[in-house]
Each structure stands twice: as C-alpha cells, then as structure tokens.
Amino acid sequence: MTDSFHYTVRPEPLAVRSLRGDVRDALEQHGVDDRSIGSVVLVLDELVNNSIEHGLAYRGSEDSFDVVVTVSDERIGVEFHDPAVPPDVLKDILNLFAAVSDGAPPPDFERGRGLFLISDGLEGLRVESADDGHGMRVRGHVAR
C-alpha cells in the first residue's frame, strides 16, 4: 500500500512548525517508526528553513513550497519543490551539495551544514531543476 500526502507551505516559521506536526502525525498513523519519522521531519525542516533563509533576496511574498511525502511498506519518499529558485542560485546549491556529499563541511566553512544533514538523511538524493524548468526539486527517501 502506498499513500501520498501533499502540503503547500508558506515561507513562514509557523507554517514550518505546522508542516513538522502534520508530517509526524501522518507517518505515525501509518505505523512508521520514530527513527524514520525523525529523519523525514529533520530533512523537511532543513529544506524549508534553508529555502526561507537563503531565498529572501528572490522570493516573492506569495511564493510557497510544495512538499510531497509518500509512504510505502519499504520507504518514505520525500519531494520538495521551491519554484522561486533562480537558475544561478540552483547552480550554487548543486555545487554546495557536491561539496558536502563526501562528509560534513569543515568547522570553518560558513555554509553547507543544513545541506549535509539533508544529504545524510535522504537515500537516493536528487537535486535538480524542477520538471517544468522553474525552481528546484529535491527528491529522496528514508528506508523504513
């Protein structure tokens, strides 16, 4: 059995808190273990908070993020779409993900800690231009 949950998230701290609670509740109702729930919630928290913090320069007041969580017997799929990410920023994000893919950033490195947590928390991580060419899409999964 596979169930999917779609969330539209405003770039506001209260919306992030609501997302964490809604995802946690949905996963608990599907019998997902606490470790897997914690991993999914941490990854989503980092994705949304990073997009809010680093997107202030280009994000419009009406922009929102799309999150899809898919639960199956074997895994929890996570998909995050930020339609406001410009191509030059996406290129920088891809470079930062590549830099942290081999391990945590050095202590004196000012950026990349959240990206490291995301890359460490998701298996099969893909970061790419969104299917429609607008923004960034992040996909991966957490094993159950």
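The values are calculated or read from the model by the stated rules, or taken from the named source; none is laboratory data. It should be emphasised that the depicted structure is a prediction, and the values quoted were computed from it without experimental measurement. FYI the Cβ positions are ideal-geometry reconstructions off the backbone, even for glycines, and counts take in every protein chain you see.
Scanning the range 1-30 for residues that are without any contact (Cβ under 8 Å) to a residue 60 or more places away in the chain and either within 15 Å of THR70 (Cβ to Cβ) or part of a strand (DSSP E or B) (or both) yields THR8, VAL9, ASP22, VAL23, ALA26, LEU27, GLN29, HIS30.
Rundown of residues vs (1) closer than 17 Å to ARG144 by Cα; (2) surrounded by 12 or more Cβ atoms within 10 Å (Cβ to Cβ), yes/no style:
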residue	(1), (2)
VAL16	no, yes
ARG20	no, yes
ASP33	yes, no
VAL41	yes, yes
ASN49	no, yes
SER61	no, no
ASP73	yes, no
VAL78	yes, yes
VAL89	no, yes
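Taking the range 54-84 as the range and being more than 11 Å from the chain's Cα centre (by Cα) and among the β-branched types (Val, Ile, Thr) as the test, the residues that pass are THR70, VAL71, ILE76. Residues in the range 125-144 that are farther than 19 Å from VAL100 by Cα and surrounded by 19 or more Cβ atoms within 10 Å (Cβ to Cβ): 1 in all.
The listed residues are VAL40, VAL89, and the only one of them that is in contact with a helix residue (DSSP H, G or I) (Cβ under 9 Å, 6 or more places away or on another chain), β-branched (Val, Ile, Thr) and farther than 13 Å from HIS141 by Cα turns out to be VAL89. For the range 93-124, a residue qualifies if it is at pLDDT 75 or above, in a helix (DSSP H, G or I) and surrounded by 13 or more Cβ atoms within 10 Å (Cβ to Cβ), and the qualifying residues are ILE93, LEU94, LEU96, PHE97, GLY114, LEU115, PHE116, LEU117, ILE118, SER119, ASP120, GLY121.
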